1. Taking 30 Å as R0, compute the FRET efficiency from the Cβ-Cβ separation of THR167 and SER66 and round it to 0.05.
2. Over all alpha-carbon pairs in region 389-473, figure out the percentage whose distance exceeds 21 Å.
3. Can you list the trypsin sites (Lys or Arg not before Pro) in region 386-455 that are in a DSSP coil and have 14 or fewer other beta carbons within 10 angstrom?
4. Considering amide H positions built from the backbone, and no H for Pro or chain starts, which residues 5 or more places from LEU249, or on another chain, come under 5 Å of its amide H?
5. Find out how many positive minus negative residues lie around ALA145, taking Lys and Arg as positive, Asp and Glu as negative, among other residues whose Cβ is under 11 Å from that of ALA145.
6. On the Cα set of region 28-144, report Rg and Dmax in Å, please.
7. Find the all-direction average of the projected area of the Cα convex hull for region 148-255, expressing the result in square nanometres with one decimal place.
8. Of the listed peptides 350-358, 511-519, what is their order by residue-averaged count of other C-beta atoms within 10 Å, with the highest listed first?
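Where a number appears in this text, it was derived from the coordinates with a stated rule and is not lab data. All values derive from a computational prediction rather than experimental measurement. No Cβ is skipped: glycine too gets one built from the backbone with ideal geometry, and neighbour counts run over all protein chains shown.
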Amino acid sequence: MTTLSKSIQGGEFLIRETDAQDVFIPEQFTEEQKMMAQACQDFIDTEITPNIEEIDSMKNPDLVPSIFKKAGELGLLGVSVPEEYGGLGMSFNTSMLIADIIGAAGSFSTTYGAHTGIGTLPILYYGTEEQKQKYLPKLATGEWAACYCLTEPDAGSDANSGKTKATLSADGKHYLINGQKMWISNAGFADLFIVFAKIEDDKNLTAFIVEKTFGGITMNEEERKMGIKGSSTRQVFFNDCPVPVENMLSERQNGFKIAVNILNIGRVKLGAGVLGGVRTVTSHAIKYSTERKQFGTSINSFGAVKRMLAEMAVRSYVSESLCYRAGQDIEDRMDALAAEGMSDADAKLKALEQFAIEAAIAKVHGSEVLDYVVDQGVQVYGGMGYSAEAPMERAYRDARIARIYEGTNEINRMLMVGMLLKRAMKGEINLFEPAMAVANELTAVPSFDTVDTSELFAAEKEVLKKLKKVFLMVGGKAAMALQDRIEDEQEVMMNLADVMIEIYAAESAILRTEKLVSIKGEEACKHQIAMSQVYLSEAVDKINAAAKEAIASFTKGDEQKVMLMGLKRFTKMDLINTKELRRQIADFMIEQGKYPF
C-alpha cells in the first residue's frame, strides 16, 4: 500500500516526476472488473441500443424508469455503495470503469450518472448511520431514483448564491422549504431529492434529504433540450415542503462544502464517463469510412480521413490514460487515509479533495475530447453525419452538455489554477521554490550537457521536464506580477490551466505506454508509442501558444523578451513525422475495424 508520506499530492505532477510503475493503466483491470464492465456493456446492448429512438422521443414515460430499475437489479446502481447498504462495495476505479462503459448509453448515461453520483453519494459520504440505513439500500437497488437540486435561475456557477429558503416550523419538527430549482436531471421520476437551501440569513447553504411524498413539490413539464433528450430534466418548485429536522444532511451551513466535494467526484467521473462514447463514435467512423466508397475506393484510404481517424484515437487514448491515473491516485489516497484510522467516508472525501485539481483536468480534457471526436465523426460521415438516420447526429447533440455539466469548463480551468495557487500559499505544495529556480535559470548561462535519449521515452521525458518549467515560469511570474488580482485576470488563469492540462495529459499517456511496454514489449505497443508521441508534439505547440498569450498580457520590455526566450528554450522539441505516425495508427484501426486500444 502507498503510504501518505510517499504518495503524490494533488497538483504535484507539475514539480515531481512520476514513475511509470506507479500509475494505474486500464490494461491492468482484473478479470472481475472486466466481467463487471462486460455486464454493463451487455446491458447497453440489450436495453439501451434497441430502444434508443423510443428513449429519446420521451413518448413512453415508463420506459426510462423501467430500464433504470433493470440497471438496479443488475447491481449497476450500487457499484460504489458498500455491501452493508445493499451495494456491491467495489473500488473507486471500478466505479470509474462502469461510468466509462455507460458513457456509450447516450441519454441514459445522464440518468445513471445523476443517480449514482450526485444523487446517492451525498448520503453515503455525509449521511448519519440512520440516513444511510434508510435510503442507500433503496438507491443501490433502483427501488428509488434520486436527483440533486442545486442550480437555480440566478445561481449556476455561483451555487452558494441560491435563494431557496428553509424555515423551521413553529413546533421545531420540520423545515419548510420554499424555492425554485432548475435543470434537475431525473426530477421527472425521482423519489428522493438532495436539496440545497439557506436557513434564515445563513451565509452558506444547508443540504436536506427530501422524499417526494413529503408534499409541497411541483414541477414544470420536461425541458426541450438540444441533446440528451431521453433524460428527464425539469424545473422543481418547493412550496412549504415539510422536511423532518432529522433529514438535514450533515450540519447546518455545510451544504456548500457538500456541493463542492460531490462535484469533485462528478468531475473525475465525467472524465471517465465520456470514454465509452468516444470509443463508440470512433469505431462507427472507422466502420463507415470502410464502407463508404468515393472515386472507386473506401474513403479511409485517403490521407485526410486517416488523419481524422488517428487524431480521434490519439485524444481518446490520452483521456483514458489521465482519467485512470487520477482515479487510482484517488483510490490509493483513500486506502492510505483509511489505514491511518480515518473513517471510510472521511477518507474518500479527503482523497477527492486532495485530487480536486486532477478531477477538474479529467472533466475538461474528457469533455473537450468528446466534443472533438463527435465533430470529426460527423465530418467522416459527410452528409450522412447530418442525418438523424445515422448515429453521429445524436452523438453530436448529446456531447455538447459535457462542457457545461459539473461546472463549466471555464470555471473548472480557473478552479484548478486557483486551487494550486492557494495550496502553494498555504505551504501545502512547494511551488514557489521551483518557480524561483526556473526564474533564475532564465538569466543563467544555458547548460549544454547532453542527455542520454537512447531509452524509450527518454527524449519525451526531457521535453516534459521543460514543459513543467513553462508553467513554473509563467505561473510564478503571473502570481508575482498580478498578486491578489490574478483571479480577476481570468484569461491568464485559463492560459495557465491549458498548460497544466496538456502537461498532465501528455505525461499520463507516456507513463501508460511506458508501463504497457514493460508488460508487452515495444513491438506490441508500437501504435501506443506513436499515439503518445503525436500527442506530446501537439501539446508542445498548445502550451507554447497559451504561455505566449499569457506572457504578452502582463509583461513588457526586457522582462518580456527574457521570458519569450525562455519559452522558446522550454518548448523546443525535435520534429517528428506526425503524418506518418497518424497513418500507421489509422491503418491499424482500419485493419481491426474498430477503436482497438
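1. Between THR167 and SER66 the formula returns 0.20.
2. 59
3. LYS426
4. It is ALA207, PHE208, ILE209, by chain and number.
5. Here the charged neighbours net out to +1.
6. 14.1, 42
7. Across all orientations, region 148-255 yields a mean hull projection of 6.7 nm².
8. 350-358, 511-519
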